[in-house]
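Note sheet for the following structure.
The values are calculated or read from the model by the stated rules, or taken from the named source; none is laboratory data. These numbers were taken from a predicted model, which means no experiment stands behind them. Heads up, the Cβs are rebuilt from the backbone with ideal geometry, glycines too, and the neighbour counts pull from every protein chain shown. What goes into the accessible areas is simple: the full protein's heavy atoms, side chains included, and nothing from ligands, DNA or RNA. Shrake-Rupley method; radii C 1.70, N 1.55, O 1.52, S 1.80 Å.
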Amino acid sequence: MIAGLYIDGQSALHRAQAGAKILAMIALGTGVFLIPDWPVVAFVLATVLLLYPVSGFGPRIIWAQIKPILWLLVIFFAVQFWLNDWQAGLLVVTRIAAIVMFASLVTLTTKTSDLLASLERAMQPLRPIGVNPEKVSLAISMVLRFIPVISTVASEIRDAQRARGLDRSVVAMVVPLIIRTLKMADDVADAIDARSFD
C-alpha cells in the first residue's frame, strides 16, 4: 500500500466535490495552527482518523498513511521537548499528524485529475496578473506523485541503513534521501524540457 493514492469507493467523502475537499483541507490546515492547546488539536486528529472507517478504509490503510512520517514526528517531538516542554511537543506533532492524515484522506477519496481540474478553475481569475493555472497544476501534480515515491525511497534507504547497522544515524538516512530526491527532480525537469512544455 502506497500512501496517498486514490482508492475507489462510494462513501460520502468520495462523492463530495473536489473543490469542497480542497477548501476543507485549507481550513483544517489553517485552523490547527490557530489552536494553542494540544488536547483540542488531538480531538481534531481523532475526528480525522474516524473519517477513515467512515470512508471505507481500515487500519491497514490508516497505518500506511502515518508510517512514512513517524520518524519525523518523533524528531519534531524530541526537538520541542528539548527546547520547550512535552506539551509543546504534542502540540506540534498533533498539528502535523492532523494535516497529513486529512490530506491523505482527500487524495485517497479524490482522483488526482479532479483535484487538478478544481485548482485550475480556481486559479483562472489570477491569469491576468501572470499566473499560469496549467503550470501551477503541473507543479502540484508532480508534488502529489512525488510524495509516495519519496516515501518508498525513504523506506528503501532505511532498510539498507538498518542492514549496515546505521539505522540510528539521522545523517545516514537524510543525506542519501536528499541526493536521490534531487536526482529524481533533475530527471523530471529534463523530461519536461525535452517535451518543450510551456
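Details
- Filtered residues of the range 40-78 (kept if in contact with a Gly (Cβ under 8 Å, 6 or more places away or on another chain) and among the small types (Gly, Ala, Ser)): Ser55, Gly56, Ala78
- Criterion (aliphatic (A, V, I, L, M) and within 26 Å of Asp114 (Cβ to Cβ)) met by exactly one of Ala42, Ala88, Ala24: Ala24
- Among the residues of the range 93-121, those identified as surrounded by fewer than 19 Cβ atoms within 10 Å (Cβ to Cβ) and either over 14 Å from the mean Cα position of the chain (by Cα) or more than 27 Å from Ser55 (Cα to Cα) (or both) are Lys111, Ser113, Asp114, Ala117, Leu119, Glu120, Arg121.
- Tabulated pairs, the range 14-28, first over 14 Å from Ala122 (Cα atoms), second surrounded by fewer than 14 Cβ atoms within 10 Å (Cβ to Cβ) and at pLDDT 90 or above, C-beta under 7 angstrom, 6+ apart or interchain: none
- The residue of the range 36-61 that is nearest to Gln87 (Cα to Cα), among those that are of a type in the set (Val, Ile, Thr) and open to solvent by 40 Å² or more (accessible area, probe 1.4 Å), is Val40.
- Per this entry, Ala117 is counted among residues that are of a type in the set (Gly, Ala, Ser), within 24 Å of Arg15 (Cα to Cα) and modelled with pLDDT under 85.
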